[in-house]
Amino acid sequence: MLTLDPDLASVIDAYRLCEFATLGKDGTPIPWPAATIRQPDGTLLLTTSIAFPQKAFNIRRDGRVALLFSDPTGSSLDNPPQILIRGTAVCPDEIVATPEGTEAYWKMLYERQPSSRAFARAPLRWLMDWYYLRLLITVTPTEILTLPTVDLTTPAQTTSAHLLGADELARRPSAVLGARNASGDLVLTRTRPVATEDGFAVEAPEGVVEGPAALMVHEHDEHLADLMNVLVRGQLTQGPEGTWLLKPERMIEPMPGRTPREQIATLRARRAQTRKYLAQRGLERPKVRWDRLKELQG
């Protein structure tokens, strides 16, 4: 177990979210925004709902993961460094419907994201119980790196390129690149993608190799509201003079849509995925401990 420097530990604790990457079936590093908390034994705890089980499936197939702390929105940090943690993860196929044993995680989430308290109130319990049917992900760090600070205040760029995801990426000043190095380790870094006719030109750190890769943008306010994230998957290739290009193949937008109809469709899809996860395992729907969750909200 690596020992985390106290100064770095305080920076990690202040970040509201990190970018957490697992490996897809084809070896693509897939980063998503996630909340994490350090545990007394030095591991990191994350969770995912069974309505969003892909991270769990990826970990059970290949436990190599990476976490990048790079967006300090809401942290009160002034120009903090980026912190990259590589490690191995486990995610048992055990659904947790009670906060017992993870009280610190839920207290942290309710404090950072006050709007999530509404999910546990009577009017929304039937619709949102899937949110509380969680799988626990425990990451054991194997490498911790400090990276330079990235300026997230630069205005977004406009683009006329007809690339998949170009409009979404252009509206944000930076994106997180998920790639791999020659040893197969996951690489996460902030970059400023520029749309060209052939793909997104990106800056990649030394050691990155060609292959499946992804660009992810996400944003939130100081209370983890107005969440948005988009993932563009594709192939990373090296051009002349050390330039890199990601050629997009697929775009994923997992967050609820902007219109009421889109939001209702998202809720239905999440409930359907929850039923599927339980049915494939022959499980009854666990009962959420609403009383314990209410106590943790204070």
Quiz item: Could we say that THR154 is of a type in the set (Val, Ile, Thr) and free of Cβ contacts under 8 Å to residues at least 40 places away in the same chain here?
Solution: yes
Exercise. For ALA66, work out the one condition from (1) assigned to a strand (DSSP E or B); (2) within 28 Å of LEU293 (Cβ to Cβ) it doesn't fulfil.
Key: (2)
Quiz item: Quick check, is THR259 of a type in the set (S, T, N, Q) and surrounded by 12 or more Cβ atoms within 10 Å (Cβ to Cβ)?
Solution: no
Exercise. Answer yes if at least one residue in the stretch 46-53 is closer than 19 Å to GLU103 by Cβ, at pLDDT 95 or above and not polar (S, T, N, Q), and no otherwise.
Key: yes
Quiz item: Taking the stretch 175-191 only, how many residues are surrounded by fewer than 19 Cβ atoms within 10 Å (Cβ to Cβ) and not aliphatic (A, V, I, L, M)?
Solution: 4
Quiz item: On the given criteria, is ILE37 within 21 Å of ASP5 (Cα to Cα) and crowded, with 16+ Cβ neighbours inside 10 Å?
Solution: yes
Exercise. Name every residue in the stretch 103-124 that is among the polar types (S, T, N, Q) and either surrounded by fewer than 17 Cβ atoms within 10 Å (Cβ to Cβ) or assigned to a helix (DSSP H, G or I) (or both), in order of residue number.
Key: SER115, SER116
Quiz item: Out of the residues in the stretch 59-102 that are touching a residue at least 60 places away in the same chain (Cβ under 8 Å) and more than 25 Å from ASP5 (Cβ to Cβ), which is surrounded by the most Cβ atoms within 10 Å (Cβ to Cβ)?
Solution: ILE59
Self-check item: Within the stretch 269-298, considering residues that are closer than 26 Å to MET108 by Cα and without any contact (Cβ under 8 Å) to a residue 40 or more places away in the chain, the one surrounded by the most Cβ atoms within 10 Å (Cβ to Cβ)
Solution: GLU295
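The values are calculated or read from the model by the stated rules, or taken from the named source; none is laboratory data. These numbers come from a predicted model, not from an experiment. Glycine gets a Cβ as well: all are built from the backbone with ideal geometry, and neighbour counts include every protein chain shown.
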